[in-house]
Each structure stands twice: as C-alpha cells, then as structure tokens.
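A short reminder: the numbers here are calculations on the coordinates, not readings from a lab. The structure displayed is predicted, hence computed values, not measured ones. All Cβ positions, glycine included, derive from the backbone under ideal geometry; neighbour counts span all protein chains shown.
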Amino acid sequence: TKGLFLFKGSETEGRADRDGASDTEGKQDVPEVPVPADDTPEVLNKALSGLSSRWKNWWVRGILTLAMISFFFFIIYLGPMVLMMIVLCVQIKCFHEIITIGYSVYHSYHLPWFRTLSWYFLLCVNYFFYGETVTDYFFTLVQREEPLRILSKYHRFISFALYLTGFCMFVLSLVKKHYRLQFYMFGWTHVTLLIIVTQSHLIIHNLFEGMIWFIVPISCVICNDIMAYMFGFFFGRTPLIKLSPKKTWEGFIGGFFATILFGILLSYVMAGYRYFVCPVEFNNDSNSFTVYCEPSELFQLQYYVLPSVLQSATGWTTVRLYPFQIHSIALSSFASIMGPFGGFFASGFKRAFKIKDFANTIPGHGGIMDRFDCQYLMATFVNVYIASFIRGPNPSKVIQQLLALRLDQQLHIFNSLKAHLIEKGLLPAVEEAA
Amino acid sequence: MTELRRRGAAADPDSTDNLSDKEADGDDRLGLVGDAEGECEGDTKANTPDVPPSADNTPEYLNKALEGLSSRWRNWWIRGILSLTMISGFFLIIYLGPVMLIIVVMSVQIKCFQEIITIGYRVYHSYELPWFRTLSWYFLICVNYFFYGETVADYFGALVQREEPLQFLVRYHRFISFALYLAGFCMFVLSLVKKHYRLQFYMFAWTHVTLLIVVTQSHLVIQNLFEGMIWFIVPISIVICNDIMAYLFGFFFGRTPLIKLSPKKTWEGFIGGFFSTVVFSFIFAYLLSQYQYFVCPVEYNSETNRFAVECQPPDLFIQQEYTLPAVVENTIGQKTVHLYPFQIHSVALSSFASLIGPFGGFFASGFKRAFKIKDFADTIPGHGGIMDRFDCQYLMATFTHVYIASFIRGPNPSKVLQQLLVLQPEQQLSIFNTLRSHLRERGILPPAVLEAQ
C-alpha cells in the first residue's frame, strides 16, 4: 500500500496521512488523479522568484486573496443583477469541478452520453428553481406576457416533464458492460445537484431579502477562514481534528471571537445604507432592479440597556445598536462553529478520493469549490434563519395564491381574516351584511 | 470469471422459483452469467458483491399444496396467490380508512429504505461501520420529521393553533428540522475513520439518494391521499393493472422484445397493456367517482378529533354530458355520453402509467443488474422485496402530484390562511382590502356600503 501515495509538495492538511491510502476496497480503485500543474501566472512568478518557496506560497495566496476580496466588493457595487449572474457562474463551475472528479474517479470519460446528461440535469434543476423564484418576485411582469404566464402556470409540470425526459434518456443509455458506472455517475450527479444547486438558489433568495443578507454571511465565513488561519499560524498548538491536522483549537477559538467582532462592526457599517438593507425589487415600469424602501425595524438604531456586568466594564448604561447586529452575532457564531464542519467534510472528501484540490483554477488556492466549501452550509442556515425568525411568508406570493383559489374558498378565507383582524383591533367591528 | 459462472449455475435449481422479476427465468441468469464481460469495469474486480441468492421462504403449507405441479406452474400459482393476497390487503386497508393508509405508506417507506440501505451495506462490505447504520436511520427520521411537519401544519391547522407546544414546533419547524439534520451531518464528519473515508462517503451519498427517492415520493403519495382517496387508489390500481396486463399480453402474445435491459418485456405486452389499462381506468374511475368516501378531500375534524370525508363533490366528480365527435357517433349511435370529468383525467393518468411507468421498472432492473442482485429482498415469496413491487409506483406518485398541482387544484386554502395569519398586521390589512375589492368585483360580496374607516 505504500506505493499508493501521491502526495507531493508542501503545505495543506492531510498530506502526512499515510494510512488514508489503505481503504479496504481501494486496491484497484485508487484513482491516480494527476496533480494539478502549477499555473501561477508568469508575472507573479517573476516578481517572487527571489523568495524561498514557503514565503513565495504565502505571497501568492495573499495576493490572490486580496484579488478575490476586491473582486467581491466590485461586484457588490455593480448591483443585484450582476451578483445573481456571478452566483450562477460559481454554481456551474463548482458543478463542473465535482463532476470532473467523478469522471476521473470512475474512468468514465468514454461515456459521452453521460456528460450530456449531467449538464442536462443541471439545466433542468436550474430551470425549476429559477422558475419558482421568478414567479414569486416578477409576478407582475409574468402576468403581463402571455407565454410567460403559461410557463409559470404549468411550471411544475413542465419541469417534471423535462426531468423525466432526462430520466428516460438515462435508462435508454444503459450499456451492458457499464451499468454500475452509469448508476454511480447518476447518483454522483444527483447528490452534487442537491448540494450545489439548491444552496446556490438559497443564496439568491437571501439576496432578494436584502443585499446585507448576502454580504454579511459570506464575509463572516471569509473572515473566519482568514482569522482562524492567522491565529493558528501565530499561536497554534493543539490540533483540532484528525481530518485536518493543520487546524488548531487556538485558531478555532481565536477565529470565533474575531469573527463575532467583525460581524458586529460590519453590520453596523452596512445597516446604515439603504442599498444594502432594502429588499431587492423588480420595478415593472423601469424594468430594472431597485433597492429603495423604508428600512425595516431591524435596521433602525435602538437603545439597549446593557447588563450590569458590561455596564461596570465599559461605563455606559445604554448602547445604540441595530437589532440586526444582534442577529449578526448568531450568524457569525454559526459561521465559526459549523462552517468548519463544511470544510472538514470537503477535506474528508478530498482524502477519500485522493485528490489534493478540487481543481486548479485559482493559483495557490485550488478550485472554486475549495473556496466555497464552507459557504454552502452558511447559505442554508441564513435562509432558514430568515424564514424562521425574521420574515414571514412573502405577501405578494400569498396574494397570488389567494387569487388562484376558488371563489367559495376565497370567501371563507375572507371571513376568517376579517374575524381575525377585528379581534386584533385592526378593523372596526362594524358588521356589514356579507 | 469461471468461478462466478459456476456460482450462478449452482444457484439455479433452488432459486428458479424465487425469481421475482417479470423478465426472467432463464434470461436474467443468462444475463448474469453471460455478462461476465460486465465484470471488466474499471472498478469492479474487488467490488463485485457476492450477494447470496435469497433463500426460498415460501410458507410450508403453500409448498405442500403445490407439490404435485411442475416447477413452472408452481411458480405461477405462488405468484398468483400472492398477487391476490396483496390486492385483497389493499382493499382491506382502503376500507379501514385514511389513517390506516397513512400508516401503511409509512411502513412501506421504511421497509423500502431498509432494503436499499441493506443492499448498500452488502455492496460496500460496510457492516463493520456501526455508526453508519445509526446515522442512516437518523437521517430517515429527520427527513420524515421535516416532511410530516410541513404536511401536519397544513392540514391540522386548527388543532395546531390550539396546543401551545405544537404552535412553537410549527412556527420554528424549518429551523428545528435543519438543526436536527446538521447534528447528523456533524456526527458524520466526526465519525470519519482514517481507513474508511471512501466507504463512508459512498454510504452517505447512498443514504441521501435513497432518501431523495423513497421519502419524498412517499410524502407525495400522502399528499395525493389528502386530496381525495380516489387520487391514491386510482393511480396505484392503474400501475398494478398495467403490470398484470402487460404480463398477460406478453405471456400469450409476446414476440418482439422491447428493450435489452429487460429481455422478457415485449412490444405486444406493452401495447396490449396500454390499451387495457386505459379501458380499466376509465371504468374504474366511473365506479369510484360515485362515492363520497373516495372523492372528498380528507379533512381533520377538530371537534371529533378524527378524519372525515364528507363534502359536496367537486365539479370533477359530477356527471356531465359530452358531445361525441362525429366518428364515434356513427360507430356507437349515441350523440352524447354522460361522463365524469375525472374519467378524462384518468386517461391521462393511465397513459402515463403505461408509457412512462415501465421506465421506473427498467431503472430498477438496471440497478439490480449493476449491483448483481436478483431482488431487492425476499420479503414476499415469489415476488421479492417490497421495493420490487413498488418500483413503478414512485414515478406515478410524483406524476399524480404534479398533475394535481398543475391542472386540478390551486394552492391549499388552509395553508394560505395559515400564511396570512403569520404576516405583519399592515400586510394583512392590505391583503384584506385587495381581497375585498376582488370579491366585490366578482359579485360575491355586496358592493361597498361606504363605511367610515
């Protein structure tokens, strides 16, 4: 089994783990995934040729990190539309990376049908999810255009029919010698779709809630990554988990507190701007996205009385905070505590399939998936958090459903609603003959 | 390779009787043995699971009763008797009512899940990962909790509003489900053992795909049930009928093979099954549409704490006159015909069951071939496991659900009301006004007597 190692070179976790090679069923299965070539751009190479390889690596990672963060700010500036497109591109690239790994693992390059089918399923699932989103948020636009209205009314049926076509194509494409491979790729594709596509759509839902719900979670995860790395680098001593030997408890705890602090400060800065705080809406007249509204209570400064402990410590009695900052503590706690589990999952996955990185798209960092592995759990959490604690159902969606009901059902709901509103004192209790 | 061939041959005598698949007696065995080349996949040398052939578990008395017959007719009789038993069981639970049906659906779901997971364990020799069995069942409970919570909240609205702990559970339902799932996810990550990473990831994925297929669709079945028991009974009966009819037509007239995957299926069986199923569903829909018990949505009566099926039958189940096209008029000599609109929908349902339903069966056959298993399990003598009986049903359940959502009903009124009551008061007020003007426009409400607001 010693001959099965393929770790080369320097850093990242897990390379020292010899025993990971001796899976019980791994003898013929260990894929010899070729190590990605070093594709650092020439310009960087020349600039850093003087330094030793460790510092060179550090500089490459640092420069690329700054480049990615600047890019992030740039697309925020460009607005919701561009953000959605970027999310879509990231999703497609991640899907492509994982499917490519599947092909390498199963040597299934020579099943051309399957590549087509995987992309077809990606299209179907995206069509389904975008259709659901579009119908909610672009309700007026959809009602205006006749073909869109039909597409939206029978949306589920159309999506299901498209998916079924893919399913039948898969069954018809089963080739005698390759049943198992094909089923593996089918399963692999579906799990990938489940993880990546559903969560990228949750990100877009969060985005529509207000850009701050998109920016703050992503920033918290990035900050936690960087802070945990820094704390680990300078103070790291006790290993955290066998899966990732380079992670340490010092990094974990330091990252936790640093991220919470960062989250509070960033929310304070962002909550003041309508651009970030308002739900993204589609303006029918101007046919563009607008972020203009009266900020909700969550984003209005309020006075909080400090508990006596803090009072003595800081000398203030009350403090002015946005309620959102308190929510941001919950978000950053999740990012620091649970986010790393997403990272461990990805590490375990890479160990299981003996790959060093998902791909080699970003020099020094690996593939897109490597950067986004912690983000996915975060996106789902934020969506569930919003749905449970922040907002209720979307009123325009409720009206739409209401108007689709039968008239007698509408009347029944009307009466229940009236009774409820009268009870709450929102309607005067004048009984009209209905 | 020769070893496998011998093993396959040795399994012949005692397992001929236990072939569950329609495609099969000698053909599948031929498929297994002659498919020795199928072994030469990149990853199978060490991985071909030697799943032992299922033992014959036909009950003793059946064996005694059928001793005299030749093995082929004996097999026929066993399958026939078990088919009748299952169909009678089906009628019995319909008679027992909706609660019973839900319980049976749950049991079937759990059994199917268990069958597929057991296959996964055998394929990957992962019996020695005890954590994983616990985790698989834990994920099953989580996903079921999530889905049942969504359903319960919709249909039991009144009951939920009454009980305080239930209200809390419903309001934060998604968050609680997500937290439960995350706990399982973290357990999985913490349970990764050095030498078994790949196995564990495989089992993780296997569990999730199984959950996706089995659990989501069983919940769609239950949602169809709440729409009206006829939406549960008719699709299932159609699939069973298509199975039986295609088998009979294939048995008596079968000549041209249909698809390489299932050598025993024939075009004659396929087409014959299609037409006979359409006729069957037409007649069956006519019979069932007359009874309120089948036609009315299942509702939970908060006062009596039971399910009730009583209502004014929807338009779909009221006979209407249809003018026949001229062609049919001349043949039959009747100008108009009284039909339930539902019968027309049943034609759509039976077409799907006959044309696309078999693909679910082919998928399951391919799956069994891929993993070199004969049946999913050996629960039902002569028929194999529960999953073998239900493989065609799953596509049907999803189709019925999508069909209902797209063509029959709109959103669920109790769910809409529930969402309304959760909104902010200003939003409720604005919706109230919109609804009021809409109803006035339609003449349901008397026009506005301008009140001082």
Cα-based shape type of region A:174-297, given that a ≥ b ≥ c are square roots of the gyration tensor eigenvalues and the cut on a/c is 1.5: oblate
Gyration tensor (alpha-carbon) shape descriptor, region B:230-306, a/c threshold 1.5: prolate
Computed E for B:C186/B:R255 - FRET, C-beta separation, R0 51 angstrom, nearest 0.05: 0.30
Cβ charges +1 (Lys, Arg) and -1 (Asp, Glu), total dipole of region B:258-379, debye: 940
Label-point separation, B:A348 to B:Y172 (7 Å along Cα→Cβ), nm: 4.2
Global form of region B:139-248, assessed from the alpha-carbon gyration tensor, a/c cut-off 1.5: oblate
Residues A:D408, A:D136, B:D243 arranged by fewest to most Cβ contacts within 10 Å: A:D408, A:D136, B:D243
Estimated distance in nm for a label pair at A:L306 and A:N415, the labels positioned 7 Å out from Cα along Cα-to-Cβ: 5.7
Fully extended contour minus Cα-Cα distance, from B:S88 to B:R436, at 0.36 nm per residue: 120.2 nm
Cβ-Cβ FRET estimate between B:I81 and B:E164, R0 fixed at 45 Å, reported to 0.05: 0.30
Estimated FRET transfer efficiency when R0 is 56 angstrom, pair B:Q292-A:T116 (beta carbons, to 0.05): 0.65
Gain in span if fully extended, B:L339 to B:I318, counting 0.36 nm per residue against the direct Cα distance: 6.7 nm
Sorted by Cβ density within 10 Å, fewest first, the residues B:T331, B:T85, A:T133: B:T331, B:T85, A:T133
B:H338, B:H196 arranged by Cβ crowding within 10 Å, fewest neighbours leading: B:H338, B:H196
